[in-house]
Amino acid sequence: MSALRSLLLRREAGILVMIMLFCLAVGLYKPQFLTGNNLRVILLLTPLIMIAAMGQMLVLVARHVDLSMGSILGLSAMVTGMMFRDMPQIPWMLGFAVAIGTGALLGLINGALVTLFRLPAIIVTLGTLNLYRGLTFIISNARQVDRQYIPTELKAMSQTSPIFGVPSIIFIAFGVAILAYYFTMHTRVGRQVFALGSNPVAAPLRGIKANQVTLLVFTISGALAGLAGILYASRWGFVNPSNTGAGFEFQVIAAVVIGGVSINGGVGSVPGVVLGVLLLGCVSAALPLLGIPGAAQNAIYGTVILIALLIDRTVRQQGVLGLRRLPA
Amino acid sequence: MTGPAALSQTQVPLISARGISKQFAGVEVLRDVDLDLRVGEIHALLGENGAGKSTFAKILAGVHRPTTGTIALNGEQVEVANPVVAQRLGITLIHQEPISFPDLSVAENLVLGRSEDGWFSPVPWAKMTRDARALMDLLGVDIDVTQPMRGLSIADQQMVEIARALASDSRLIIMDEPTAPLTPREVETLFGIARRLRSEGRTIVFISHRLEEVRALCDRVTIFRDGNKVGTHTIDELTDADIIRLMIGRPLKEYLHKPRTEIGAVALEVENLTLPGRFEAISFSVRRGEIVGLGGLVGAGRTDVARAIFGVAPALSGTIRINGKQATIREPDDAIALGLAFVPEDRAQAGIFRSLSVEQNITAAVPARIAPRGFIRRSVEKALSSEAIRSLRVRLASARQPIGELSGGNQQKAILARWLLTDPTVLILDEPTRGIDIGVKAEFYDRIGELAASGRAILLISSELPELLALSDRILVMSEGRLTAEFPRAEASQEKIMKAAVPRSATLGEAA
């Protein structure tokens with residue numbers, strides 16, 4: 001009983017309950033929401049956000065923020081897409097190295113600006129959000145990389161895979177989540193990220209190299225945004241200088257925060273973030289199904305995020321079903 | 001003390017500090033201190049606030065680097081460059097409110113920073129938890145090592161720090177006022193552990209204001225005063241009266257005394273003011289034209305009383321009467337309307353609006369006068385502030401420059417000016433001259449005297465005894481949240497105030 005109780009008292013339980021209630025409510029109204037086919041729709045909406053959310057989680061846990069993720073995604077995707085277009089003979093797998101490398105470099109620049117000049121991350125990444133987007137326009141001459149240039153094998157990754165026909169990018173997303181889990185829970189530097197965010201003043205007193213850890217989390221965040229960039233090309237089959245990754249950072253931050261990562265640093269878990277991403281996926285899948293007009297979807301989406309945060313806060317204080325207030 | 005301490009006198013000292021001096025921004029806070037710490041002794045550092053004992057402790061622990069001087073550990077000279085180096089050398093400083101990582105578990109807090117392993121080496125959770133439990137058992141404390149540090153009481157957090165010192169096999173454990181936030185039972189537990197660590201041959205430095213505790217626990221004491229070491233003695237050599245004399249024994253400086261003023265009707269009266277955990281049953285009154293000094297050690301609850309009267313953190317029970325009428329003060333607005341003014345202790349945090357102009361700072365407490373219909377009238381703002389700047393002689397380049405650019409003394413004058421615009425009946429000054437140059441101080445004392453002469457009631461909180469003695473008509477002393485003494489000016493002395501201020505003064509009566 002006490003094991004069940006402590007399980008229910010975990011933050012993740014609250015998000016899980018929210019997901020179930022939401023799906024049940026939508027399912028009662030539109031039964032097709034609860035079908036396997038729709039599950040596939042939900043899962044296909046989430047991989048890019050899931051991957052980027054793991055990076056954003058690290059940055060937030062270290063008590064920083066990365067607002068430039070959408071632009072890193074866009075620039076990495078553009079660099080990779082142009083390579084596919086202009087050098088069609090090179091192996092398509094090399095695209096992953098290029099996208100991840102570009103993203104890592106852009107993230108490293110963010111981290112360097114934050115540590116070298118002691119600037120707040122929110123300002124630095126707001127700046128690079130625009131800078132990287134601008135660079136995307138400059139290098140592409142504001143031209144889209146069209147569908148025919150994206151390698152077929154890459155596009156196929158979003159369609160199917162040898163394993164039950166589930167698209168490969170979903171496996172990649174969960175693979176990244178598992179790596180992130182290992183990194184945060186079982187590597188020394190992973191724990192140092194939490195220590196740094198929990199008490200930035202004390203961290204150096206305990207021999208934590210705060211600047212290096214900060215550089216690392218921004219670089220990882222950038223690399224994962226870069227990975228999300230090439231998967232964008234896989235999923236949508238094109239790279240557009242203005243659309244690709246635009247507004248992406250807000251979805252990512254929303255998912256991470258719903259997933260229980262504190263913007264004050266030090267707190268966050270991979271299972272929580274995965275659930276936060278899935279909740280957002282459910283909401284995104286439900287809106288068109290419920291016949292909510294496109295114009296209203298953004299407003300509804302934002303409202304749902306706020307409600308989720310409010311419920312989460314209540315659950316954190318009182319436990320699921322008020323369990324925290326009951327005697328043990 | 002017999003036993004290990006006596007035995008070790010012939011040994012090389014664990015720590016041998018020579019000629020330690022420290023300057024902060026050109027101000028000398030520690031001057032040429034020599035001090036030996038023996039193996040297996042508990043050594044108390046005593047002194048008034050700002051005497052230099054904490055600075056010395058922080059130098060040993062690598063938090064500060066000394067400006068000059070050397071430290072030898074077991075006879076070998078060492079560079080304690082930072083706290084990590086200190087830890088490796090076996091020196092641990094335990095802060096009064098321990099520095100920890102509140103979101104991480106107790107076990108993680110214990111090991112953090114100790115490992116030399118690489119970034120991506122795995123975290124040995126099972127071993128870590130096992131080791132942490134073993135340490136807690138060794139200390140005989142019942143702390144769940146898997147829970148986050150956040151939920152622990154301060155006493156338990158201190159225990160975790162001690163456990164951390166043991167985990168790295170520290171030979172020197174420095175405790176900076178560890179008992180202040182503890183209950184008597186927790187203090188007993190701490191002392192039991194300290195004695196056990198001593199018997200294992202570890203050295204403990206114990207910083208405290210409580211003479212009774214020092215006497216109960218320590219083998220030797222070193223007394224600091226104004227950045228100098230006054231002397232090191234075995235505790236049995238000194239009576240409590242000796243210790244107090246050594247702590248405050250500076251010559252009384254020349255202070256301008258408060259002019260004789262006409263003492264009028266009671267302006268502020270508090271009765272049985274209580275805020276549990278902060279202060280209890282505080283009753284006193286201040287008359288018009290009177291300056292009442294409130295003395296005591298830092299943490300005695302003086303500021304809390306002031307904040308309660310001004311409505312910042314109101315008392316839970318008790319009554320406040322202003323000019324004989326019972327007052328309900330729930331927030332500072334109420335207090336201001338009743339004619340109260342409060343110059344807070346922490347100027348940078350609670351006093352000034354750093355980036356706003358001097359003018360805006362001065363007129364901040366009278367929004368209705370500068371903006372009668374909600375729009376600021378620059379001419380009124382200018383007129384009011386320039387008058388105040390003149391009368392208090394605030395030195396500045398322009399009334400429109402940010403107040404943060406002024407010196408501490410002139411900032412303080414501007415804050416005083418702000419409150420004078422509200423024409424207060426009662427003025428509460430909390431450490432008004434802290435961090436202010438001597439010259440400006442004297443000027444400040446004149447202003448305070450003039451304010452009393454103009455018929456205002458003044459409550460002056462100060463840790464500087466000469467200041468209290470020079471300015472006050474009466475002096476109240478607080479200790480551990482209670483009023484412990486009241487002296488008319490003629491009867492007060494530094495010794496008397498200090499005795500009343502040192503907690504658990506019962507034993508002091510016998511010693512004196």
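For chain A, with only Lys/Arg (+1) and Asp/Glu (-1) charged at the beta-carbon, what is the dipole magnitude about the Cα centre, in debye rounded to 20?
In total the dipole reaches around 760 debye.
Excluding B:LEU275 itself, calculate the net charge of residues whose Cβ lies under 13 Å from the Cβ of B:LEU275, where each Lys or Arg counts +1 and each Asp or Glu counts -1.
After counting each charged neighbour, the total is +2.
Within 10 Å of each Cβ in peptide B:143-152, how many partner chain Cβ atoms are there on average? Round it to a whole number, please.
Mean partner-chain Cβ count within 10 Å for B:143-152: 1.
Listed here are the pairs B:LYS22/B:LYS229; B:LYS413/B:LYS441; B:LYS22/B:LYS499; which of them are more than 20 Å apart at the Cα?
Beyond 20 Å between Cα atoms: B:LYS22/B:LYS499.
In degrees from 0 to 90, rounded to the nearest 10, what is the angle of the helix B:125-139 Cα long axis to the longest principal axis of chain B?
80 degrees
Could you work out, for region A:173-328, what percent of all Cα-Cα pairs fall into each 5 Å distance bin, beginning at 0 Å and stopping at the bin that holds the largest distance?
Going from the shortest bin to the longest, the percentages are 2, 7, 12, 17, 17, 16, 13, 8, 5, 2, 1, 0.
Taking all pairs of different Cα atoms in region B:353-423, averaging 1/r and flipping that mean, what Kirkwood radius in angstroms comes out?
Across region B:353-423, the inverse of the average 1/r is 11.8 Å.
Taking the Cα centre of chain B as the origin, how large is its charge dipole in debye, to the nearest 20, when only Lys and Arg (+1) and Asp and Glu (-1) carry charge on their Cβ atoms?
1420 debye
Which whole-angstrom value gives the distance between the alpha carbon centres of region B:56-71 and region A:43-72?
Between the Cα centre of region B:56-71 and that of region A:43-72, the gap is 43 Å.
Could you tell me what fraction of 2.2 N^0.38 Å the Cα radius of gyration of chain A comes to, as a two-decimal ratio?
Scaled against compact globular proteins, the figure is 1.01.
May I ask for the Rg/Rh ratio of region B:161-314, computed from Cα atoms with Rh as the Kirkwood radius, given to two decimals?
Reported Rg/Rh, Kirkwood definition of Rh: 1.08.
Sequence gap at least 6, Cα distance under 8 Å: using those rules, report the relative contact order of chain A to the nearest whole percent.
Relative contact order comes out at 35 percent.
Say R0 is 35 Å: what FRET efficiency, to the nearest 0.05, do A:ASN37 and A:ARG313 get from their beta-carbon distance?
With R0 = 35 Å, the Cβ-Cβ based efficiency is 0.55.
Can you pull the one-decimal nm distance between simple spin-label points at A:LEU105 and B:ASP137, each 7 Å off the Cα toward Cβ?
5.6 nm
Using a Förster distance of 60 angstrom, determine the FRET efficiency expected from the C-beta separation of B:THR328 and B:VAL78, and round it to 0.05.
In this case the efficiency is close to 0.50.
What FRET efficiency, computed as 1/(1 + (r/R0)^6) with R0 = 45 Å and r the Cβ-Cβ distance, is obtained for B:PHE120 and B:ARG18, rounded to the nearest 0.05?
0.55
Along the charge dipole of chain A, which of A:PHE22, A:GLN251, A:GLY265 sits closest to the positive end, that is, farthest toward it, with unit charges on the beta carbon of Lys, Arg, Asp and Glu (+1, +1, -1, -1)?
The Cα lying farthest towards the positive end belongs to A:GLY265.
Eigenvalues of the Cα gyration tensor times 5, then square-rooted: what semi-axes does that give for the protein assembly as shown, in whole angstrom, largest first?
Three semi-axes, in Å: 58, 36, 26.
Lys/Arg Cβ at +1, Asp/Glu Cβ at -1, dipole of chain B taken about the Cα centre: which of B:ALA500, B:THR232, B:VAL380 is farthest positive-ward?
Toward the positive end, the furthest listed residue is B:VAL380.
With a cut-off of 8 Å between alpha carbons and a minimum separation of six or more residues, what is the relative contact order of region B:369-460 in percent?
25 percent
For n ≥ 4 DSSP H runs only, could you compute -39500 (n - 2.57) per run for the protein assembly as shown, divide by its residues and tell me the 222 nm figure to the nearest 500?
Computed ellipticity for the protein assembly as shown at 222 nm equals -15000 deg cm²/dmol.
Over region B:27-161, what lengths in whole Å, largest first, do the semi-axes of the equivalent ellipsoid take, defined as the square roots of 5 times the eigenvalues of the alpha-carbon gyration tensor?
Equivalent-ellipsoid dimensions as semi-axes: 31, 18, 14 Å.
May I ask you to list, by number, the DSSP H helices of chain A whose Cα span along the axis is at least 30 Å and whose average Kyte-Doolittle hydropathy reaches -0.5 or more?
What comes out of the filter, once short or polar helices are dropped, is A:94-116, A:210-236, A:294-318.
Which listed residue (B:LEU483, B:GLN11, B:GLN147) has the Cα farthest towards the positive end of the charge dipole for the protein assembly as shown, taking +1 on Lys and Arg C-beta and -1 on Asp and Glu C-beta about the Cα centre?
Farthest towards the positive end: B:GLN147.
How much length, in nm to one decimal, is gained on full extension between A:LEU290 and A:LYS155, taken as 0.36 nm per residue of separation minus their Cα-Cα distance?
Between A:LEU290 and A:LYS155, full extension yields 45.7 nm more.
Report, in cubic angstrom per residue, the convex hull volume of the C-alpha atoms of region A:157-255.
123 Å³
If you plug each phi of region B:327-343 into the Karplus form 6.51 cos²θ - 1.76 cosθ + 1.60 with θ = phi - 60°, what whole-Hz ³J(HN,Hα) values come out, in order, with x for Gly and Pro?
Calculated HN-Hα couplings, in order: 10, 9, 10, 9, 8, x, 3, 4, 5, 5, 4, 8, x, 9, 9, 9, 9 Hz.
Tell me the relative contact order for chain B as a rounded percent, counting alpha carbon contacts under 8 Å between residues six or more apart.
Over chain B, the number comes to 15 percent.
What is the pair-distance distribution P(r) of chain B, computed from all Cα-Cα distances in 20 Å bins starting at 0, with each bin given as a whole percent?
Final binned percentages: 20, 48, 29, 3.
With +1 on the Cβ of every Lys and Arg and -1 on the Cβ of every Asp and Glu, and nothing else charged, how large is the dipole of region B:353-423 about its Cα centre, in debye rounded to the nearest 20?
With Lys and Arg at +1 and Asp and Glu at -1, about 120 debye.
Find out how many positive minus negative residues lie around B:LEU392, taking Lys and Arg as positive, Asp and Glu as negative, among other residues whose Cβ is under 11 Å from that of B:LEU392.
+2
Every number here is computed from the coordinates shown, using simple stated rules; none is lab data. A quick note: this is a predicted structure, and the numbers were derived from the prediction, not measured. Glycine also receives a Cβ, built like all others from the backbone with ideal geometry; neighbour counts cover every protein chain displayed.
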